[in-house]
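The values are calculated or read from the model by the stated rules, or taken from the named source; none is laboratory data. The structure displayed is predicted, hence computed values, not measured ones. With ideal geometry, Cβ positions are generated from the backbone for all residues, glycine too; neighbour counts draw on all protein chains shown. Protein only, heavy atoms only, side chains kept; ligands, DNA and RNA dropped before computing areas. Shrake-Rupley method; radii C 1.70, N 1.55, O 1.52, S 1.80 Å.
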Amino acid sequence: MIFSSIKAQDKLSTPAYLEKGDTIAIVAPAGILRGRQATIDNAKKLAESWGLKVVIGKNVFKQNNHFAGTDVERCQDFQDALDNPNIKAIWAARGGYGSVRILDLLDFTKFKEQPKWIIGYSDITAFHNHIHNLGVETIHGMMASSLEEKPEEIIKTISSFKNALFGKDISYKITSSKYNRTTSSKIIEGQIIGGNLAILTSMLGSKSQLNTDGKVLFIEEIGEYKYSIDRMLQSLKRAGYFTNVNAVIIGNMSSIRKNSTKWGSTIEQLILDVVPEDTPVFFDFPAGHEADNRAMIFGRNVKLSVGNGQYSVDFIK
């Protein structure tokens, strides 16, 4: 089995930032979009308001049981977008589940020759991991379905996504959690990688498994029991994900389910118990399955700074 060869010092390729007149494709590599025509229309209008042209995959509104079309149909839309030189970014309509089913059906030959932005979160973590190992940056950010949130709650989500897409500076200041674990070093650097915990775990043992040595690992999750979260974290631990990582950033841990038998600790302590004691851990980063979902460029070097009751995350061009 061949795992990631992308080391901490390797600089990844940066796809061309978008400019007015460029084309972005909306595709559905995972869950169905039944009854969500208005959502996709709103996403199209948003991109067009930025001066972009929008192409919608021909199979986006199809249904094959759980999925937005068969594996072949979903793959075809994604492949068409990968191969079309006029398309500068591929924007996932939604997550759910299904991206992993088409990863090995895709041909990334033309994509590697002319990289373009792959955008999404949650189930799209499968693409983030796989494409990281191809040596290309991706955008962990809002999807078309994010526009179903209350408009006043996604202002920063949208603005951060636009900034990432158009190559503006990205920097966040986060109020420090009492659970944050820091070291004597006030500045930490490394490539930021990661995504949804369940999908990260599902990549283990495949060519999409990440090499976390010297990097900053981001994790978020939704709708799991604490014992399930612990099981997945233990799996990452046994695979060495936390052994040589420079820092861990925890995003939204949303809608945690209550088990009939109490776990006995907070979700924060559960995480701290798994990560080595000398590894910095930062909580409450606004990314994941909440309305405030700030965009990040995975594979990009970041600088973490600690002080004055907050920590900052600066993305370095």
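Return the pair list, or none, for Cβ contacts closer than 9 Å from residues in region 35-48 that are within 14 Å of F161 (Cα to Cα) to residues that are modelled with pLDDT of 95 or more and polar (S, T, N, Q), at least 6 apart or on different chains.
A43/S145; A43/S146
Can you tell me which residue is nearest to T279 (Cα to Cα) among those in region 175-197 that are aliphatic (A, V, I, L, M) and open to solvent by less than 30 Å² (accessible area, probe 1.4 Å)? Give the derivation first.
If we filter region 175-197 for residues that are aliphatic (A, V, I, L, M), which is where we start, we get 187-188, 192-193, 197.
Now restrict to residues that are open to solvent by less than 30 Å² (accessible area, probe 1.4 Å): 188, 192-193, 197.
Details: I188: 11, I192: 15, I193: 16, L197: 18 Å.
Among residues in region 175-197 that are aliphatic (A, V, I, L, M) and open to solvent by less than 30 Å² (accessible area, probe 1.4 Å), the one nearest to T279 (Cα to Cα) is I188.
Give region 28-55 a look and list any residue that's at pLDDT 95 or above, in a loop (DSSP other than H, G, I, E, B) and either of a type in the set (D, E, K, R) or open to solvent by 60 Å² or more (accessible area, probe 1.4 Å) (or both), or say none.
Passing the criteria: none in range.
Could you check region 168-188 and list, in sequence order, the residues that are under 24 Å from A16 (Cα atoms) and touching a residue at least 12 places away in the same chain (Cβ under 8 Å)?
Selection gives D169, I170, S171, Y172.
Within region 218-238, track down each residue that is hydrophobic (A, V, I, L, M, F, W, C) and within 12 Å of V274 (Cβ to Cβ).
I219, I229, M232, L233, L236, listed by residue number.
Looking at (1) at pLDDT below 95; (2) touching a helix residue (DSSP H, G or I) at 6+ places or on another chain (Cβ under 8 Å), find the lone condition where K258 falls short.
With (1) at pLDDT below 95; (2) touching a helix residue (DSSP H, G or I) at 6+ places or on another chain (Cβ under 8 Å) applied to K258, the lone miss is (2).
Those residues that are open to solvent by less than 40 Å² (accessible area, probe 1.4 Å) and either at pLDDT below 95 or under 19 Å from the mean Cα position of the chain (by Cα) (or both), I need them from region 224-249; list them, please.
Across region 224-249, the qualifying residues are I229, M232, L233, L236, Y241, F242, V245, A247, V248, I249.
For residues in region 134-174 being of a type in the set (G, A, S) and under 18 Å from G299 (Cα atoms), which is surrounded by the most Cβ atoms within 10 Å (Cβ to Cβ)? Can you show your working first?
Initially, region 134-174 is screened for residues of a type in the set (G, A, S), giving 135, 141, 144-146, 159-160, 164, 167, 171.
Of the ones still in play, those that are also under 18 Å from G299 (Cα atoms) are 135, 141, 160, 164, 167, 171.
On the way: G135: 16, G141: 28, S160: 24, A164: 25, G167: 14, S171: 13.
Checking each candidate, the answer is G141.
Name the residues in region 280-317 that are part of a strand (DSSP E or B), farther than 18 Å from S176 by Cβ and out of contact with any helix residue (DSSP H, G or I) (no Cβ under 8 Å at 6 or more places or on another chain), would you?
N301, F315 - these are the residues of region 280-317 that are part of a strand (DSSP E or B), farther than 18 Å from S176 by Cβ and out of contact with any helix residue (DSSP H, G or I) (no Cβ under 8 Å at 6 or more places or on another chain).
Which members of region 63-80 meet the condition of being charged (D, E, K, R), in contact with a helix residue (DSSP H, G or I) (Cβ under 9 Å, 6 or more places away or on another chain) and open to solvent by less than 20 Å² (accessible area, probe 1.4 Å)?
R74
Are there any helices (runs of 4 or more DSSP H) wholly within region 87-174 with 3 or more residues that are closer than 17 Å to A30 by Cα, and if so which? First the steps, then the outcome.
Numbers: elements: 100-103, 109-113, 125-132, 155-165.
Output list reads 100-103, 125-132.
Identify, please: which residue in region 259-279 is in a loop (DSSP other than H, G, I, E, B), in contact with a strand residue (DSSP E or B) (Cβ under 7 Å, 6 or more places away or on another chain) and not hydroxyl-bearing (S, T, Y) and is, among those, nearest to I139 (Cα to Cα)?
Among them, the one singled out is V275.
Given the conditions (1) open to solvent by 70 Å² or more (accessible area, probe 1.4 Å); (2) assigned to a loop (DSSP other than H, G, I, E, B); (3) without any contact (Cβ under 8 Å) to a residue 60 or more places away in the chain, and given that V60 satisfies all but one, which numbered condition is not satisfied?
Against the list (1) open to solvent by 70 Å² or more (accessible area, probe 1.4 Å); (2) assigned to a loop (DSSP other than H, G, I, E, B); (3) without any contact (Cβ under 8 Å) to a residue 60 or more places away in the chain, V60 comes up short only on (1).
Name the residues in region 250-265 that are among the hydroxyl-bearing types (S, T, Y) and open to solvent by 50 Å² or more (accessible area, probe 1.4 Å), would you?
Correct list: S255, S260, T261.
Keeping to region 149-166, report how many residues are touching a residue at least 12 places away in the same chain (Cβ under 8 Å) and more than 25 Å from I87 (Cα to Cα).
5
Go through (1) open to solvent by less than 10 Å² (accessible area, probe 1.4 Å); (2) under 12 Å from the mean Cα position of the chain (by Cα); (3) of a type outside the set (G, A, S) for Y121 and report which single condition fails.
(1)
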